[in-house]
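Worksheet: the structure to be examined is printed underneath.
Nothing in this text is a laboratory measurement; each read-out follows from the coordinates by a stated rule. The shown structure was predicted, so the numbers you read here are calculated from the model rather than taken from an experiment. Heads up, the Cβs are rebuilt from the backbone with ideal geometry, glycines too, and the neighbour counts pull from every protein chain shown.
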Amino acid sequence: MSKVIEKGESRAIRYRARARPYMDLKTLQQEVKERGKTMKIRPQTSPEIMLGILEEAGEVAKEVALFEKVGNKINWKRLPDKDLLAEEISHLLVNVVSLSSCYDIDLDQTMKKLFENNEK
């Protein structure tokens, strides 16, 4: 998808202009559900998903610590890796989406309500 970017347009607009089609939360939630079925992954319980969220949050924290040079692991030999940080954030998001699906929460609607309430 190509689009001429006008002077002054935001980064988000420039990103959407060159990226794959936008995936809304409803589509993401459905995609996560379908991939689990397609890959024949045993459905996880909500406590298992919560453990996954905590594990992935720790992985994200570790990558952020490397970028910011904070914490007790500041002397790690490995350099920060933006791709690895993005991957860990994606894993975290999949777990959050999975947890919301366990409780039949429509994330798309919930986020719309949140932003509408914040605008008031």
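Taking label positions 7 Å along the Cα-Cβ direction at both E31 and L107, the computed distance is 1.0 nm, reported to one decimal.
Of the trypsin sites (Lys or Arg not before Pro) found in the stretch 58-91, the ones in coil according to DSSP and having at most 15 other Cβ atoms within 10 Å of their Cβ are K69, K73, K77, R78.
Residue separation times 0.36 nm, minus the C-alpha to C-alpha distance between K62 and S46: what's the value?
Values: separation 16, 0.36 × 16 = 5.76 nm, distance 2.42 nm.
Here the segment from K62 to S46 would lengthen by 3.3 nm.
Ranking request for peptides 109-118, 52-61, 30-39: highest mean number of other beta-carbon atoms within 10 Å first, then the rest in descending order. Don't skip to the end; give the middle numbers.
Working: 109-118: 10.1, 52-61: 15.7, 30-39: 11.9.
By packing density, highest mean first, the sequence is 52-61, 30-39, 109-118.
Can you give the direction-averaged projected area of the convex hull of the alpha-carbon atoms in the stretch 28-74, in nm²? Let's see the in-between values first.
On the way: hull surface 18.3 nm².
So the mean shadow area of the Cα hull is 4.6 nm².
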